[in-house]
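A short worksheet on the structure shown next.
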Amino acid sequence: MADVILVVEDEVSLQETLVYNLKKQGYEAEAVGDGPSAIETARRLKPDLILLDIMLPGMDGFEVCRILRNEISTPVLMLTARDDEIDRVVGLEVGADDYLTKPFSMRELIARVKAMLRRVRIIRDELNASQIESVDKLILDFGNLRIDVGRREVKIDQKIVNLKPKEYELLFYFAKHKNQVLSRDQILESVWGWDYVGDSRTVDVHVRWIREKIEIEPANPRRIITVRGAGYRFEG
């Protein structure tokens, strides 16, 4: 069954080009041109990936992403006409998984799409493998921190911690490699994919966000430890 991709782009010529090239690669693609339609269509379509332009009529891409992040975990690739670090940081903060600056080549976009969908499949396979082994193994306990792998749910003292999809994937990766020193490159390749073009600051930003949610003192972390010159170590 082909992966379904929702294209949210108000520039008609680019929208048509994106849909044409995605379908040429064997994906199913549907397009809308404004923010409210993006939310309505995402809820109905339940796509495997969303390509989301930032500048949209009715509601910008940041707000669309923020709303959808509270409802679905579909990966989001943001498209921006400005090579502005503030845009990228805001995009990550509202839950985007990756970003691409216009103008971009169709070859680069397709490579990003394939990488993101490959990550989704790997995570699904890991979850399925866990489910086959034992229901007990779906729960990872670290004191008052509990990760329910089957539900993709994290709790501290029985209270749900609201993690963005990439934050959850990163924490899950740490949990699977408890007490191991993981380099930033290792983390990028495993959580974002080997062909992710961002730099290691992405890892640092996400670690900071996770610490703010699971550490008693984020500035003095006890669970995710920075190993100088090497990377990070999760101590549970």
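The values are calculated or read from the model by the stated rules, or taken from the named source; none is laboratory data. All values reported here derive from a predicted model rather than from experimental measurement. Every residue, glycine as well, gets a Cβ built from its backbone with ideal geometry; the counts of neighbours run over all protein chains shown.
Take the conditions (1) under 24 Å from ALA115 (Cβ atoms); (2) in contact with an Asp or Glu (Cβ under 8 Å, 6 or more places away or on another chain); LEU56 misses just one of them, which is (1). Do we have ILE139 as within 21 Å of VAL120 (Cβ to Cβ) and at pLDDT below 85 here? No, not satisfied.
The set of residues from the stretch 1-27 being under 23 Å from ARG43 (Cβ atoms) and among the acidic types (Asp, Glu) comprises ASP3, GLU9, ASP10. If you go through the stretch 138-185 and keep only what is among the polar types (S, T, N, Q) and more than 17 Å from the chain's Cα centre (by Cα), you end up with ASN144, GLN158, ASN179, GLN180, SER183. Within the option set VAL154, VAL161, being closer than 26 Å to LEU117 by Cβ, outside the structural domain of ALA115 (by TED's automatic domain parsing), among the β-branched types (Val, Ile, Thr) and touching a helix residue (DSSP H, G or I) at 6+ places or on another chain (Cβ under 9 Å) holds for one residue only, VAL154.
If you filter the stretch 187-236 down to residues that are of a type in the set (Val, Ile, Thr) and closer than 15 Å to ILE156 by Cβ, you find that the one that is surrounded by the fewest Cβ atoms within 10 Å (Cβ to Cβ) is ILE216.
Yes/no per residue for (1) in contact (Cβ under 8 Å) with a residue 24 or more places away in the chain; (2) in contact with a strand residue (DSSP E or B) (Cβ under 9 Å, 6 or more places away or on another chain):
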site: GLY26; (1), (2): yes, no
site: VAL32; (1), (2): yes, yes
site: PRO47; (1), (2): yes, yes
site: ILE54; (1), (2): yes, yes
site: PRO57; (1), (2): yes, no
site: ILE67; (1), (2): yes, no
site: PRO103; (1), (2): no, no
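Per-residue answers, yes or no, for (1) assigned to a helix (DSSP H, G or I); (2) touching a residue at least 12 places away in the same chain (Cβ under 8 Å); (3) of a type in the set (D, E, K, R):
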residue: LEU163; (1), (2), (3): no, yes, no
residue: GLU167; (1), (2), (3): yes, yes, yes
residue: PHE172; (1), (2), (3): yes, yes, no
residue: LEU188; (1), (2), (3): yes, yes, no
residue: VAL191; (1), (2), (3): yes, yes, no
residue: HIS206; (1), (2), (3): yes, yes, no
residue: GLU212; (1), (2), (3): yes, no, yes
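I'd like the full set of residues that are of a type in the set (A, V, I, L, M, F, W, C) and either part of a loop (DSSP other than H, G, I, E, B) or over 24 Å from MET1 (Cβ atoms) (or both), limited to the stretch 32-69. First the steps, then the outcome.
First pass over the stretch 32-69, keeping only residues of a type in the set (A, V, I, L, M, F, W, C): 32, 38-39, 42, 45, 49-52, 54-56, 59, 62, 64-65, 67-68.
Correct list: ILE39, ILE54, MET55, LEU56, MET59, PHE62, VAL64, CYS65, ILE67.
Which is at pLDDT 90 or above and touching a Leu at 6+ places or on another chain (Cβ under 9 Å), of VAL32, VAL19, VAL12? Give the derivation first.
Details: VAL19 fails: touching a Leu at 6+ places or on another chain (Cβ under 9 Å); VAL12 fails: touching a Leu at 6+ places or on another chain (Cβ under 9 Å).
Result of the check over VAL32, VAL19, VAL12: VAL32.
Given the criteria loosely packed, with under 14 Cβ neighbours inside 10 Å and modelled with pLDDT of 85 or more, does ASP60 qualify? Answer is no for this residue.
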